[in-house]
Amino acid sequence: MIYLDWAATTPPLEDVLKEMTLTAGEYFGNPSSIHSEGRKSHEKLEEIRTRCAAVLDCSSENLIFTSGGSESNNLILSTLLTRRDKGRIIVSGIEHPAVWDPAQALGKQGWEIKTVKPAANGLISPKKLEKLLTPDTKMVLIMGVHNETGVIQPLKELIRCVRDFETGRPIHFHSDLVQSLGKIPLSLRDLDLDSASFAAHKIQGPRGIGLLYQKKPLAGLYTGGGQERGIRPGTENLAAAAGMCLAMERAKKVVEDHLEEASQRMQMLITGINEIKGARILPESRPENPADFSPWILNVSFPPLPGEVLVRVMDESGFAVSTGSACSSNKKSRTRALEAMGIDHKTAFSSIRISQGPATTDDEIRNFLKTLKEQIGIVGRAVG
């Protein structure tokens, strides 16, 4: 099997698995216990937190361990439930379901939800965001790298737009950076974010562990132990945290040393797909503006062939790709983000996501393109 679904999840590094096993065996004490084994585990946990902070370029005091990106996003949005003064929430139209769905749930609780849509190139304009800002805006949620198309949002400009609008009342700016970590250069010190979410399994770390960055602590809904500064109580998963830490350090090296290689493979992929009759790169402006996109993710459509059919056909041929976010629960939600970019439903429904990783090779891309072209010819005739 040639695995090209790295945006969904990634194969864990052997060193990460070893680190987790060693940590679980040596640091078995509860980090909240005051005896020697507990203190030993607590010191290890804080060492890990400090190393994670070094990768993200922030203070370790601002990092909270969670179960992953979805919980981190929900923790931020759920803090609004403690507020009596409801107001406006601005969310981008291409957000992952882990942000989009809880935002819509808040809308049912009386919050005003406004969607800022991207242009046809997938980018959100600061001017368009500015038009939606009001004195009662409480939160803005815009992701860093889109999980389906790889478009990189101009976060600095968008954050500056919000800060310039603020007067006496601050507006909380949260960003889902799950697909940014280990994929593009990233420094939280350079971004004036209020909070951000991360997940280990996207960077060859373990599932079930993530991080929440908070510039200032927010009042959480969880209670029952006081761990993780009271934001996320419960005994910490020290072994998984150790695995995530090592995966983050390795992922940072990938960005520093292998980003150009990934870009070259992506260009090979785009060139090959453009040679297939009827193929459409999404967004269509991507080939002319490669700097606006992560070299790890590509979205392409072959209308009228349904994306799900092509995914199954390629799976039977030994290639793993997907139709988009693994967290989309139905056909309508699967096409929501692409349609927000102005892509028609038929084209969006025919799309597949191809995502590579550090272990992907040129030969794998060549083999994929060869098989894809063959299968499009066979299945395309049957559908058309």
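Key figures for this structure:
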item	result
Top-ranked residue in the stretch 162-196 [being of a type in the set (Gly, Ala, Ser) and modelled with pLDDT of 95 or more; ranked as surrounded by the most Cβ atoms within 10 Å (Cβ to Cβ)]	196
Residue count, the stretch 99-117 (criterion: touching a residue at least 40 places away in the same chain (Cβ under 8 Å) and out of contact with any strand residue (DSSP E or B) (no Cβ under 7 Å at 6 or more places or on another chain))	1
Residue list for the stretch 169-180, filter: under 8 Å from the mean Cα position of the chain (by Cα) and assigned to a loop (DSSP other than H, G, I, E, B)	177, 178, 179, 180
Some residue of the stretch 74-87 being out of contact with any Lys or Arg (no Cβ under 9 Å at 6 or more places or on another chain) and closer than 20 Å to residue 203 by Cα	no
Subset of the stretch 140-161 (residues that are crowded, with 23+ Cβ neighbours inside 10 Å and either assigned to a strand (DSSP E or B) or in contact (Cβ under 8 Å) with a residue 60 or more places away in the chain (or both))	140, 141, 145, 146, 147, 148, 149, 150, 151
Output for the stretch 53-73, where each listed residue is surrounded by 19 or more Cβ atoms within 10 Å (Cβ to Cβ) and out of contact with any strand residue (DSSP E or B) (no Cβ under 9 Å at 6 or more places or on another chain)	55
Candidate set from the stretch 280-313 (those that are within 17 Å of residue 376 (Cα to Cα) and without any contact (Cβ under 8 Å) to a residue 40 or more places away in the chain); member that is surrounded by the fewest Cβ atoms within 10 Å (Cβ to Cβ)	312
Search result, residues across the stretch 335-384 that are within 26 Å of the chain's Cα centre (by Cα) and among the basic types (Lys, Arg)	336, 346, 353
Number of the condition not met by residue 50 [criteria: (1) in a helix (DSSP H, G or I); (2) in contact with a Gly (Cβ under 9 Å, 6 or more places away or on another chain); (3) without any contact (Cβ under 8 Å) to a residue 40 or more places away in the chain]	(2)
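The values are calculated or read from the model by the stated rules, or taken from the named source; none is laboratory data. In this text, all values refer to a predicted model and were calculated from it rather than measured experimentally. Note that we place each Cβ from the backbone using ideal geometry, even for glycine, and neighbour counts take in every protein chain shown.
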